[in-house]
1. So which residues in region 54-82 are within 19 Å of residue 93 (Cα to Cα) and out of contact with any strand residue (DSSP E or B) (no Cβ under 6 Å at 6 or more places or on another chain), if there are any at all?
2. What is the residue count in region 141-151 for residues that are surrounded by 16 or more Cβ atoms within 10 Å (Cβ to Cβ) and either modelled with pLDDT of 95 or more or in a loop (DSSP other than H, G, I, E, B) (or both)?
């Protein structure tokens with residue numbers, strides 16, 4: 001598939017190390033999964049994440065014991081291409097949010113791994129955090145597992161504590 005076709009027909013989503021901390025993740029842990037715009041499973045996962053975003057943000061503001069690695073997945077557009085990235089850590093600002101891009105871009109060229117980016121609530125597509133070694137949220141990641149080989153998905157579930 002040519003880049004022009006990808007740009008016209010695909011939404012690129014990146015799955016990175018789900019346990020990303022304040023530093024950029026290992027690019028070898030990045031997984032790129034392409035979804036058509038309007039993919040029903042991805043749309044449902046994003047809707048689920050956004051419906052509970054306020055509760056997540058409140059929790060991130062005052063993290064309870066046993067929780068860590070709060071992250072937001074945000075979309076970045078570069079022309080006709082949209083790619084989603086985990087931002088870890090992040091903080092609120094007057095205009096929205098700011099945080100560190102924790103994935104190596106695969107398709108967009110207007111951001112780089114480790115860059116501080118500003119974004120708004122409208123750019124958020126998912127959220128997640130770790131509670132007692134298990135992932136909470138990361139709804140889009142669970143959809144991506146269905147598009148990976150069983151071995152790869154099982155490896156990521158084990159490595160990062162996903163229960164889906």
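The values are calculated or read from the model by the stated rules, or taken from the named source; none is laboratory data. Just so we're clear, the structure is a prediction, and the values are computed from it rather than from any experiment. Cβ atoms come from the backbone with ideal geometry, glycine included; neighbour counts cover every protein chain shown.
1. Result: 54, 55, 57, 58, 59, 61, 62, 63.
2. Here is the first cut: in region 141-151, the residues surrounded by 16 or more Cβ atoms within 10 Å (Cβ to Cβ) are 141-145, 147.
Add one more test, that the residue is either modelled with pLDDT of 95 or more or in a loop (DSSP other than H, G, I, E, B) (or both), and what stays is 147.
Final tally of qualifying residues: 1.
Yes or no, residue by residue, for (1) in contact (Cβ under 8 Å) with a residue 60 or more places away in the chain; (2) assigned to a strand (DSSP E or B); (3) under 25 Å from residue 39 (Cβ atoms):
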{"position": "72", "(1), (2), (3)": "no, yes, yes"}
{"position": "107", "(1), (2), (3)": "yes, no, yes"}
{"position": "113", "(1), (2), (3)": "yes, no, no"}
{"position": "125", "(1), (2), (3)": "yes, yes, yes"}
{"position": "153", "(1), (2), (3)": "no, no, yes"}
{"position": "157", "(1), (2), (3)": "no, no, yes"}
